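For reference, the structure is listed below as structure tokens.
The values are calculated or read from the model by the stated rules, or taken from the named source; none is laboratory data. Here the structure is a predicted model, which means the values were calculated and not measured. Counting neighbours? That spans all protein chains shown, and the Cβs are built from the backbone with ideal geometry, glycine included.
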Amino acid sequence: MAQKRIAYKTIGCKLNFAETSTIVRDFEHNGFEVVDFSDIADVYLINTCTVTANADKDCRKSVRQALRNNPEAYVAMVGCYSQLHNEEAEAIPGISIILGNDEKYNLYEYYSNRSDIEKLDYHSNLDQLNTFHSSHSSNERTRTFLKIQDGCDYECTYCTIPLARGKSRSSSIADTVKIAADIAKTDTKEIVLTGVNTGDFGRENGESFFDLIKELDTINGIDRIRISSIEPNLLTNEMIDFIAESKLFVPHFHIPLQSGANNILADMRRRYQRDLYRDRVEYINKIIPDCCIGVDVIVGFPTETDELFIETYEFLKDLNISYLHVFSYSERPNTSAAEFENIVSDDKKKERSSILHQLSDEKRTRYNERFIGTSRKVLFEGKYGDQMQGHTDNYIKVVVDGTIELQNNIIPVKLIEYRDGYIFGEY
């Protein structure tokens, strides 16, 4: 009998990547070969996202792609889109099973006991989303995404994640450190801590994110630990001080802002105002001068006037940050913001997005050029044309002349020239 094959596609965040790998490992342990999503497979796994309307479209498009590859395949749509829009998912031809955010970890069991009679739909009710499922990625040699937290207790007016993933929950410090220690026994050089609201780790258990990172910093066998994202109100000066002296944690913070105007932050129901955000950034730059600071920002929120957008732009322009991730507001059903009067046209969203992307390019260029002429250790991840590329600890993309033997090695590199988003160097 020919070996069965599974292909997968992950849409959305790093957390989804960790969860996809965990689901796929069940199939690998039962004899499946993992192939590319563009190949012919027996099972296609689509781990979905519903943060934006474009993510929704990508979910539906991925089903069509899978069925073009193999019309007879078992197509599983799992995750956030399945959880929130299961009726829409049921209407998509060719899907074999729809699993929400609790049941998706049972995909292999459902596949093994599959019925050819009907499409199966197992999405959990919101109040049933209370189990924490440990997950980590395993398909990248150089780094592993380790899920440490799930769900969210915040009620931001634009966001459906609490509806899709339920209340904030996490494992214990002891269990999380054990998984990280097991990862450290593999070839992985870097662990990236992921979650919906990473800094909220442990609160329901009487533990804390700070306690966790102190324990993780004692692990042997790993070179780097990176925090994928942390809310500004959960990032403390105490944590910044610790990471400045840490053995493993790298000088890189990604801190969501969403708006630089206090009126908009209030309308979004964020848990801070801009003064707190500025204080965090200034303290990081004081304590860790080489630190990379990334920022999420949303343009086109329904109440964002021209004046308030300018306020955001000026706030960001004056901040000593390294890059922006710019998102255009996308109205989501069942959110408070969907009831606001929308004063921002699509054309205006595109214009504002373009302005902030330009600002991001300027910030990134200025940040990268600071390090020209210095030497930094680079973790090499893969090919860049005929060259090799990787990241420094402070998240600078570096390219050098070299062969695939550099992959998954950390090597000092002299940084020579910045262009096209990369610093080109030599070792």
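Might you check whether a residue that is in contact with a Phe, Trp or Tyr (Cβ under 9 Å, 6 or more places away or on another chain) and surrounded by fewer than 18 Cβ atoms within 10 Å (Cβ to Cβ) occurs anywhere in the range 300-311?
no
Restricting to the range 57-95, and then to whatever is part of a loop (DSSP other than H, G, I, E, B) and closer than 15 Å to Asn47 by Cβ, can you tell me which residue is modelled with the lowest pLDDT?
His85
Any idea which of (1) under 25 Å from the mean Cα position of the chain (by Cα); (2) polar (S, T, N, Q); (3) surrounded by fewer than 21 Cβ atoms within 10 Å (Cβ to Cβ) is the one Asn368 doesn't satisfy?
Evaluating Asn368 over (1) under 25 Å from the mean Cα position of the chain (by Cα); (2) polar (S, T, N, Q); (3) surrounded by fewer than 21 Cβ atoms within 10 Å (Cβ to Cβ) leaves (3) as the failure.
Can you tell me which residue is modelled with the lowest pLDDT among those in the range 109-158 that are of a type in the set (Gly, Ala, Ser), surrounded by 19 or more Cβ atoms within 10 Å (Cβ to Cβ) and part of a loop (DSSP other than H, G, I, E, B)?
Restricting to residues being of a type in the set (Gly, Ala, Ser), surrounded by 19 or more Cβ atoms within 10 Å (Cβ to Cβ) and part of a loop (DSSP other than H, G, I, E, B), the top hit is Ser137.
Just the residues that are of a type in the set (Asp, Glu), more than 21 Å from Ser112 (Cβ to Cβ) and more than 22 Å from the chain's Cα centre (by Cα), please, taken from the range 3-49.
Scanning the range 3-49 gives a single hit, Asp39.
Scan the range 176-187 and give yes if some residue there is β-branched (Val, Ile, Thr) and touching a residue at least 60 places away in the same chain (Cβ under 8 Å), otherwise no. Explain how you work it out, then say what you get.
Keep residues of the range 176-187 that are β-branched (Val, Ile, Thr), which gives 176-177, 179, 183, 186.
Pick out the ones that are also touching a residue at least 60 places away in the same chain (Cβ under 8 Å) and you get none.
The answer is no, given that none of the residues of the range 176-187 is β-branched (Val, Ile, Thr) and touching a residue at least 60 places away in the same chain (Cβ under 8 Å).
Please enumerate the residues belonging to the range 346-365 that are surrounded by 13 or more Cβ atoms within 10 Å (Cβ to Cβ) and either among the small types (Gly, Ala, Ser) or closer than 24 Å to Ala164 by Cα (or both).
Ser353, Ser360
Given (1) in a strand (DSSP E or B); (2) over 27 Å from Asn285 (Cα atoms), identify the lone condition not met by Gly402.
Of everything listed in (1) in a strand (DSSP E or B); (2) over 27 Å from Asn285 (Cα atoms), Gly402 misses just condition (1).
So, Ile355, is that one under 30 Å from Ile396 (Cβ atoms), among the aliphatic types (A, V, I, L, M) and not assigned by TED's automatic domain parsing to the domain that holds Thr236 or not?
Taking the combined requirement at face value, the residue satisfies it.
Counting only residues that are of a type in the set (S, T, N, Q) and surrounded by 23 or more Cβ atoms within 10 Å (Cβ to Cβ), how many does the range 159-187 have?
Total satisfying the criteria: 2.
As an exercise: evaluate Ile343 against (1) surrounded by 15 or more Cβ atoms within 10 Å (Cβ to Cβ); (2) assigned to a loop (DSSP other than H, G, I, E, B) and give the number of the one condition it does not meet.
That leaves (1) as the condition not met.
Mind listing whichever residues of the range 203-255 are surrounded by 15 or more Cβ atoms within 10 Å (Cβ to Cβ), within 18 Å of Asn285 (Cα to Cα) and among the polar types (S, T, N, Q)?
Scanning the range 203-255 gives Ser229, Asn233, Thr236, Ser246.
Looking only at the range 52-63, filter to residues that are over 11 Å from Lys9 (Cα atoms) and touching a residue at least 12 places away in the same chain (Cβ under 8 Å); which one of those is surrounded by the most Cβ atoms within 10 Å (Cβ to Cβ)?
Filtering the range 52-63 for residues that are over 11 Å from Lys9 (Cα atoms) and touching a residue at least 12 places away in the same chain (Cβ under 8 Å), the one surrounded by the most Cβ atoms within 10 Å (Cβ to Cβ) comes out as Asp56.
Small (Gly, Ala, Ser), more than 21 Å from the chain's Cα centre (by Cα) and at pLDDT 95 or above: does that describe Gly390?
No.
Pairs needed: first member in the range 286-304, more than 20 Å from Arg274 (Cβ to Cβ); second member anywhere, of a type in the set (Phe, Trp, Tyr); C-beta distance under 6 Å; at least 6 residues apart or different chains.
As it stands, the answer is Cys292/Tyr395, since those pairs meet every condition given.
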